[in-house]
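The values are calculated or read from the model by the stated rules, or taken from the named source; none is laboratory data. Remember, it's a predicted structure, so these values are computed and weren't measured experimentally. FYI the Cβ positions are ideal-geometry reconstructions off the backbone, even for glycines, and counts take in every protein chain you see. What goes into the accessible areas is simple: the full protein's heavy atoms, side chains included, and nothing from ligands, DNA or RNA. Shrake-Rupley method; radii C 1.70, N 1.55, O 1.52, S 1.80 Å.
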Amino acid sequence: MNARTFQPITTTLIRRSLGWVLLCSLAFSSLQAWLTYESVEKDFQVAVRDVANTHVPLLSLALWDIEPRTIQHQLDLLLDSPQIAHAVVRADTGQRFEGGKSGAGIDGTPLTFVLPQPNRPGTHIGTLELRVDSGMLYREILRNVAWVLLQGLVLTALILGLVVTILRRDLERPMQRLASFVTRLKPDNITQELALQRVPGHLYDEIDLVADGFRTLQENIHHHILTLDSRVLERTSQLEQALASLKVLSSADPLTGCFNRLTFNERLPNEMARAKRYGRPLSVIFCDADKFKSINDTHGHLVGDRVLAILGSCLRQELRAEVDWVARYGGEEFVLVLPETPLMSALEIAERLRQRVEQDVTLRLADGRQLHVTASFGVAQQQEQEAMESLLHRADEWLYVAKNEGRNQVLPPRSLPQSELLL
């Protein structure tokens, strides 16, 4: 797994919140700054008109009485107002009186007021032109706009600080505790309690859902660990049974229940080697169902299969458990392996088997008749330094002789001299 740069979700949320809050704050502050600009300019114009309206009657009276000093004095009083930068009085007779502040910014558009004739409404004797101090106006606007922006920045900082505090308290710290708890968790402390230390009185949320889900996972894992030994034993037992069944299936002939040819080829060399090592006798018996081809041809292969199954069962029942064993050698031919058994005993066993087959291997046919089956036997004992092929060949030869001399018999005959029995 490639390493990835870790970035807390709180940091991501704070960055996104910061961007949106700044954007909203900028838009709101811009709108408020524009409204402030409009308001300050309007208030400035109202203040100028108020100042002018206050001095217009006095200027009218002074101009009517033609008192230049009084007119100039009124102009100086006008210029004492911070909003006024320049003032001009024009009489209808052509006289002009002017005053202004040095260094003040002068707005290009003058405000003109009519000087009425005293005690005669509707007539005028001159005009008053005022130019406002644009620098003072701009400073006032800048001061008010700066104050609005400062309020917006302070409010934004307070909101962000509150958001950061809440996110770290209610999201980052619980998630860090959960991650730290998971990292420290081991099989020997799986039951350790998870404590997130949430704020008292908080509402149930997604973090609690994750914590409860993890507690449920802990309980399930703990229960699984407690029952693991019993499950392992159960699975082991089932596996052993399956392996045993598989071993039986792989080593047994499915039709007769005897060992198959492969198992026979694996087991007989070991039996012969053990007999040779300990100097013990070992004999083999070849058994072949008589006239089996005729049974197949006359009654069908299904009947032939039933005959072989009964014959295999009969042979297995007559052998010593855990000592002797029988394998299906091929077709209708069986081989019985008798450890710890000399030739004379093997001949007696073969004769007993012959009689048992003659008596018990019968089959009721579909037409109600009884099918009686007999078998021929060839017996041989292992000789010193004899190979497996030679031992099987001698037993098979005796079987061949038994079938040629009338079937349903055991050869060699026990009446032969001992030297001839072993040939």
Evaluate the relative contact order of the chain (contact order divided by residue number), counting alpha-carbon pairs under 8 angstrom at least 6 apart; express in whole percent.
11 percent
Expressed as a percent, the accessible surface of region 183-223 that is carbon or sulfur, using a 1.4 Å probe and the full set of protein chains, is 60 percent
Mind putting together the pair-distance distribution for region 269-317? All Cα pairs, 10 Å bins, whole percent per bin, short to long.
21, 32, 22, 19, 7
Starting from the Cα of residue 293, draw a straight line to each of the lysines and keep only those under 28 Å, dropping any in the same chain fewer than 8 residues away.
403
Send over a whole-number figure in Å² for the accessible area per residue of the chain, probe 1.4 Å.
61 Å²
Point-to-point label distance, residue 385-residue 222, nm (Cα→Cβ direction, 7 Å offset)
7.6 nm
Considering only DSSP states other than H, G, I, E and B, which trypsin sites (Lys or Arg not before Pro) in region 314-423 qualify as loop sites with at most 15 other Cβ atoms within 10 Å?
320, 369, 407, 414
Probe radius 1.4 Å, ligands and nucleic acids ignored: give me the carbon and sulfur share of the accessible area of region 277-423 as a rounded percent.
48 percent
Near the amide H of residue 126, under 5 Å away, which other amide H atoms are found, from residues 5 or more places off or on another chain, if H is placed in the peptide plane?
92, 115
All other residues with a Cβ under 11 Å from the Cβ of residue 174 taken together, and with Lys, Arg as +1 and Asp, Glu as -1, what is their net charge?
0
Connecting every pair of Cα atoms under 10 Å apart in the chain and solving the GNM, the largest mean-square fluctuation among 271, 206, 322 falls on 322
Once both label points are put 7 Å beyond Cα along the C-beta direction, the residue 367-residue 123 separation in nm becomes 16.4 nm
Provide, for q = 0.07, 0.08, 0.11 Å⁻¹, the log10 of I(q)/I(0) from a solvent-free Debye sum over equal Cα point scatterers in the chain.
-0.71, -0.76, -0.94
Student exercise, the chain dipole from Lys, Arg, Asp, Glu Cβ charges, in Debye to nearest 20
320 debye
Which one, 93, 156, 263, has the greatest fluctuation when you compute a Gaussian network model over the chain with C-alpha springs under 10 angstrom?
93
Determine, for each peptide in 305-312, 190-197, the mean count of other beta carbons within 10 angstrom over its residues, then list the peptides with the highest first.
305-312, 190-197
What nm distance separates the two modelled labels at residue 215 and residue 313, each placed 7 Å from Cα along Cα→Cβ?
6.4 nm
